[in-house]
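The values are calculated or read from the model by the stated rules, or taken from the named source; none is laboratory data. Computed from a prediction, not measured in an experiment: that's the story for all the values here. As a convention, Cβ positions derive from the backbone with ideal geometry for all residues, glycine included, and neighbour counts pool all protein chains shown.
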Amino acid sequence: VRAFLCGVCMFSLSCASLSSNNRIIGGDDASPGEWPWQVTLQLDSNHFCGGSLISDQWVLTAAQCLFTGIGRITVFLGRHNVSGPNPNDVSRKVEDAVCHPDYDVFTFDNDICLLKLSAPVNFTDYIYPVCLAAANSTFHSGTSSWVTGWGVTENGTLPDILQEVEVPVVGNNECECSYPSGITDNMICSGHRQGGKGICQGDGGGSLLIEDRNNSVWLQIGILSFTRGCALPMIPAGYTRVSRYQEWITDVTGTSQPGFVRFNSPGSCFSVCFVLYKYAICLPFSGTAALNIQQNNQNIFLISKSFCDAECCVGGRNHCLWEDGC
């Protein structure tokens, strides 16, 4: 167990320890206490955003969730059925909300906010903080990750039971194929190429998580920020990259510090483009990662040469290989 500075003393903090998580492999319904840092933000008893407990008095969520006065928001912790009541849950009002000063409502850059609870919470098997990815952590494309939430399901309904889904990390250059010029270094993406599994409306503010087996903890690496549609093929979801904000989070939370763990993902940072090309035409100049042009009912993609391996343009190759940012 690694030692973290919390408050004014050093002690062993097993934030998000693996032993606290007994995942249902292949299932969509989470079990009670499986993700004990998951919170629901509610307005007039209705869930509208997710969040994660990162210390005894601070919750991490997306800035876009703070569209109303904090006096109207109730935070429920330890809740499994979102409609409640649950025997293991507690509720808190929001004493203060500190959103990133550079949050851009149009681009979703810096989509991160910290909520200070009206009173500290006691940690239990059902209420426990998650560890956060520290600065300079790396996550290569394909790294297994998990998303949880109470967002809209595939049949268009809001679930009552907390949902979970496993999704691979998508490199930022790959993600640019679906969001040309829309992905910054402050973001991270995830999703399945074939679609069908992922996030939807109502999941905003929730956490993207990975298992750090070396330190035996769960790490939050992202805050759900944006997507197009709901788990569509070739459309990954975008998240705020938590590791970019360690200094800001530390400054805001003060003496109630979360646990930060640096993670360096194994494997290669080379990726193939997220989009499946019918034709790929490499351009001799820098530009957007991909531009979809309809021609005779065929998909033509213009690929910036700066993103492509030189062999992409030889012999009708139908994919590009590049070194992606982990």
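Can you pull out every residue in segment 157-168 that is among the β-branched types (V, I, T) and modelled with pLDDT of 85 or more? If the condition is that a residue be among the β-branched types (V, I, T) and modelled with pLDDT of 85 or more, then I161, V165, V167 are the ones that fit. Going by the structure shown, is E154 of a type in the set (D, E, K, R), at pLDDT below 95, assigned by TED's automatic domain parsing to the domain that holds G78 and over 25 Å from S265 (Cα atoms)? Yes; evaluated as a whole, the condition is true for this residue.
Contact map, segment 121-144: residues that are under 19 Å from I54 (Cβ atoms) paired with residues that are acidic (D, E) and part of a loop (DSSP other than H, G, I, E, B), Cβ distance under 6 Å, separation 6+ or inter-chain. Pairs shown: V121/D56.
What residue, among those in segment 107-145 that are among the aromatic types (F, W, Y) and modelled with pLDDT of 95 or more, is farthest from P258 (Cα to Cα)? Taking the candidates together, the pick is F108. Looking only at residues that are of a type outside the set (A, V, I, L, M) and touching a Cys at 6+ places or on another chain (Cβ under 7 Å) in segment 202-219, which one is farthest from L115 (Cα to Cα)? Among residues in segment 202-219 that are of a type outside the set (A, V, I, L, M) and touching a Cys at 6+ places or on another chain (Cβ under 7 Å), the one farthest from L115 (Cα to Cα) is W218.
Residue by residue, here is whether (1) under 22 Å from Y103 (Cβ atoms); (2) touching a strand residue (DSSP E or B) at 6+ places or on another chain (Cβ under 6 Å); (3) buried (at least 23 other Cβ atoms within 10 Å of the Cβ) holds:
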{"site": "D185", "(1), (2), (3)": "yes, no, no"}
{"site": "I188", "(1), (2), (3)": "yes, yes, yes"}
{"site": "G191", "(1), (2), (3)": "no, yes, yes"}
{"site": "G204", "(1), (2), (3)": "yes, yes, yes"}
{"site": "S225", "(1), (2), (3)": "yes, yes, yes"}
{"site": "G229", "(1), (2), (3)": "no, no, no"}
{"site": "R244", "(1), (2), (3)": "yes, no, no"}
{"site": "D251", "(1), (2), (3)": "yes, no, no"}
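Annotation: of all residues in segment 56-85 being within 18 Å of the chain's Cα centre (by Cα) and in a loop (DSSP other than H, G, I, E, B), the one that is modelled with the highest pLDDT is A62. For segment 138-154, the criterion of a residue being in contact with a helix residue (DSSP H, G or I) (Cβ under 7 Å, 6 or more places away or on another chain), closer than 24 Å to V75 by Cα and among the aliphatic types (A, V, I, L, M) is satisfied by no position.
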